[in-house]
Amino acid sequence: MKSTARNRNPRGEGSRLRDELVAAASRLLESLEGQESLSLRAVAREAGIAPQSVYLHFADRRELLTAVYAVRFTELRVALDTARHAAADTPGDRLNALCHAYVDYGVAHPGHYRVLFGTAGTPGWEPTADQLPGLPTFQLLVDDVTDCGATDPTSTALCLWSAMHGLITLHQDRPSFPWPPLDTLVDTMVRAHAS
């Protein structure tokens with residue numbers, strides 16, 4: 001989708017362009033084959049600006065990708081946190097709500113989910129452990145598993161995350177398979193890992 005030229009931001013609102021560039025890059029990543037297909041020139045075209053304007057906000061493609069992942073992980077984290085807080089007071093209910101919200105997000109937003117987990121691990125982009133934008137989101141899962149009394153919360157959380165990711169990916173890639181309702185599968189998965 002090619003955008004038309006955009007109007008300049010009013011004086012003092014130049015940071016809006018940064019947000020527009022992140023949104024443009026995210027849209028492109030949702031439709032392209034991995035982050036290798038993303039160029040700063042394509043992002044500029046999508047945002048309706050001159051290519052050199054991208055460099056006023058991002059030094060390079062890696063910096064732009066990091067911003068995209070940070071925005072999308074924040075979006076996912078808010079969805080998970082909202083579900084956890086809406087759940088009943090028991091740790092098991094909070095964990096179950098988080099897992100349902102995670103799978104719901106992945107199924108409802110396949111493009112965004114693909115941006116988070118289909119491109120972030122591309123060789124040459126992978127940040128160091130202290131720079132991973134998804135760690136605070138993953139920590140929500142570890143915290144809920146810990147509250148459920150798991151003896152090895154990190155390993156249990158990794159198993160749950162792997163299971164949820166597999167469920168989302170397989171459900172998207174194999175829609176003709178006779179899947180039971182996703183809610184049933186998520187409930188079964190949580191019981192299997194958090195009992």
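The values are calculated or read from the model by the stated rules, or taken from the named source; none is laboratory data. Being a predicted model, the structure only gives us computed values, none of them experimental. Cβ placement follows ideal geometry from the backbone for every residue including glycine, while neighbour counts extend to all protein chains displayed. For accessibility, only protein heavy atoms count, side chains too; no ligands or nucleic acids. Shrake-Rupley method; radii C 1.70, N 1.55, O 1.52, S 1.80 Å.
Structural remarks
- Taking the range 172-193 as the range and being within 21 Å of His109 (Cβ to Cβ), open to solvent by 50 Å² or more (accessible area, probe 1.4 Å), at pLDDT 95 or above and in a helix (DSSP H, G or I) as the test, only Asp183 passes.
- Search result, residues across the range 51-62 that are surrounded by 19 or more Cβ atoms within 10 Å (Cβ to Cβ) and outside any helix (DSSP H, G or I): Phe58
- Some residue of the range 20-43 being farther than 24 Å from Gly134 by Cβ and modelled with pLDDT of 90 or more: yes
- Listed by first and then second residue, the pairs with beta-carbon distance under 7 Å, at least 6 apart or on different chains, first residue in the range 38-59 and on the phi > 0 side of the Ramachandran plot, second open to solvent by less than 50 Å² (accessible area, probe 1.4 Å), are Gly48/Ser3.
- Of the criteria (1) at pLDDT 90 or above; (2) surrounded by 17 or more Cβ atoms within 10 Å (Cβ to Cβ); (3) under 18 Å from the mean Cα position of the chain (by Cα), which one Leu65 fails: (1)
- Scan of the range 146-157 for residues that are open to solvent by less than 50 Å² (accessible area, probe 1.4 Å) and outside any loop (DSSP other than H, G, I, E, B), ordered by number: Pro153, Thr156, Ala157
- Residue within the range 158-165 that is of a type in the set (Ser, Thr, Tyr), over 17 Å from Arg94 (Cβ atoms) and either modelled with pLDDT under 95 or outside any helix (DSSP H, G or I) (or both) present: no
Every residue, every condition in (1) in contact (Cβ under 8 Å) with a residue 12 or more places away in the chain; (2) touching a strand residue (DSSP E or B) at 6+ places or on another chain (Cβ under 9 Å); (3) open to solvent by 40 Å² or more (accessible area, probe 1.4 Å), yes or no:
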site: Val71; (1), (2), (3): yes, no, yes
site: His85; (1), (2), (3): no, no, yes
site: Cys99; (1), (2), (3): yes, no, no
site: Ala108; (1), (2), (3): no, no, yes
site: His112; (1), (2), (3): yes, no, no
